[in-house]
Amino acid sequence: MQLNVLVLPGDGIGVEVTREAVRVLKAVADSFGHSLTLNEGLLGGIAIHQRGTPIPDETKELALKADATLLGAVGLPEFDTAPPDKRPERGLLGLRKALGVYANLRPVRSYRSLLDSSPLKNELVEGVDMIIVRELTGGLYYGTPRGISGSGAEERAVNTMTYTRSEIERVAHMAFQLAGRRRKKLTSIDKSNVLENSQLWRRVVTEVGRDYPDIKLDHLLVDNCAMQLVVGPKQFDVLLTENMFGDILSDEGAVLAGSIGMLPSASIGAKAPSGAWIGLYEPVHGSAPDIAGQNKANPLGAVGSIAAMLEYSFGLTEEAIAVNFAIEEVLNSGHVPADLKPADKPASTTEVGDALCRYISERKVPV
Ligand code: IPM
Ligand code: MG
C-alpha cells in the first residue's frame, strides 16, 4: 500500500517523539512491504518563528493532500502573553478545523506493567479500558462572540459555548458506532443542570441513541464524571463529551494509564473517496518545554497514535496490532522512560524507539 503521511513535529518534545514515531512507521512499512512517502511541515511556535503565523497556508495544503497527518505537540512559553492569533495553539485549532476532524478518540487503558506508575490503587486501575470521544471542532474553543474588550474595571472577556444539532448528531453517531464494536455502553457527559448548551446536547444524544437500541446509554454530569474517573473508572466503556470537557477529562484519564506520555489520539471526521478516514494523529500530551531537547520524553503516546493511523486511515489492522504489541514489549521489558518511574535507569526517547523498531522487525508477539 502507498502511505502518504505528513509529519508536523511542532514544538518542544513534539520534535523528539515524532522522530521516533516516524522510525516506527518506517519499520512497519519495511516489515510489511508498504511504500511510505513522508512530508514535513510547520505548525505552532516554530511556524510563528519561521513564517510569522502558527498555521501557514502551505501546512494546510499539505495536510489536505496527505492521507494522514502525525502531529507532535504545540506550545512554547515565550508565546504565553502573545495575542490570540500569534499563539501556537491557534495553529492546532486551525488545523483541526481545516481537516474537519470533529471526533477526537482518546483511548485510555491500563497496562499491567504500569499499574504502579499510577498514583491510584492497583485494584482501581487494573482492567481499565475506555475511550473518550471528544467533540473537536465546536464548543467553547471556536464559539463566537469571543475576545477581550474594554479597559479598567470594565475590561471584559467573552467566550461562547455553542453547538448545533448537526454537530452533536454526527459525533454522537460516531460514539454509538464505536460502542457497538466494544462493550456496548455509552456515557454522555454534560452539565445540563446549568447549561442550555448541555440540555441540547443531552436531548440530541438521547434521540440519536434510539437508532442504537443495543447500546446502553447513560448521562453523567461532568463534575460527577471527574470524580467517577478516579473512584470507579472501570464502569466506563465509551465516554462522549464536548470539546472543553473532553480536554479536561482526558488529562484526568492519563492518571489511569500511568502517565500522560502513554496516551495516543486519533482525530477523524470526513472520509476520503477510498472510504478511509481523513485523520490527524497526535499524542495527548503537550510540548513539555521543561524537558525538551533532553532525549527524555516518552514517545509511546506518539507511537500509539501511529497504530491508530494504521488502523483508521489505512485499514491496516495487523500492522496496528504489531505496533501495539511492540509498545507492550517495551513496557514489559521494564526499560521505560522516566515518566513511567522505572526501577532502574530510565530509557531515553531514542532507546525506546530502537527497541520498538527491533520488536517490529522481529515481529515479536508478547506472551
Ligand atoms: C489537547 C491540548 C490542546 C487542546 C491544546 C494544546 C490547544 O490540550 O489536545 O488536549 O486543548 O485541545
Ligand atoms: Mg489537553
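Here are the numbers:
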| read-out | value |
| --- | --- |
| Highest-fluctuation residue, Thr317, Thr350, Thr160 considered, GNM on the chain with Cα pairs under 10 Å | Thr160 |
| Residue with peak Gaussian network fluctuation, the chain [Cα springs, cutoff 10 Å], from Ser149, Ser166, Ser274 | Ser149 |
| Cα centroid separation, region 134-180 to region 240-308 (Å) | 20 Å |
| Charged-residue dipole, Cβ positions (Lys, Arg, Asp, Glu), region 119-257 about Cα centre, Debye nearest 20 | 400 debye |
| Sequence-separation-based contact order of the chain, relative, with Cα cut under 8 Å and 6+ spacing, percent | 21 percent |
| Cβ-based exposure ranking for Ser333, Ser313, in which fewest neighbours within 10 Å come first | Ser333, Ser313 |
| Over region 247-314, relative contact order from alpha-carbon pairs under 8 Å, at least 6 apart, % | 37 percent |
| Anchor Lys234: lysines whose Cα lies under 20 Å away (excluding residues fewer than 8 positions away in-chain) | Lys121, Lys184, Lys185, Lys216 |
| For region 82-128: rounded, prolate or oblate by the Cα gyration tensor [a/c cutoff 1.5] | prolate |
| Mean shadow area of region 119-257 over all directions, Cα convex hull, nm² | 9.8 nm² |
| Two-decimal ratio, the chain, of alpha-carbon radius of gyration to 2.2 N^0.38 Å | 0.97 |
| Anisotropy class of region 239-367 from Cα gyration tensor, a/c 1.5 cut | oblate |
| Euclidean distance between Cα centres, region 13-69 to region 198-229, Å | 36 Å |
| DSSP bridge orientation in the chain - percent antiparallel, rounded to nearest 5 | 35 percent |
| Residue order, fewest to most surrounding Cβ atoms within 10 angstrom, among Arg106, Arg210, Arg170, Arg87 | Arg210, Arg170, Arg87, Arg106 |
| MRE, 222 nm, helices only [DSSP H, n ≥ 4, -39500 (n - 2.57), over the chain, to nearest 500] | -13000 deg cm²/dmol |
| Gaussian network model of the chain, Cα within-10 Å springs - most flexible of Gly269, Gly127, Gly150 | Gly150 |
| Within region 119-257, percent of DSSP bridges classed antiparallel, to nearest 5 | 20 percent |
| Residue order, fewest to most surrounding Cβ atoms within 10 angstrom, among Thr37, Thr137 | Thr37, Thr137 |
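None of the figures in this text is laboratory data; all of them are computed from the coordinates on show. What you are looking at is a predicted structure, and each value in this text was computed from that prediction instead of being measured. All Cβ positions, even for glycine, are placed from backbone atoms using ideal geometry, and neighbour counts span all protein chains on display.
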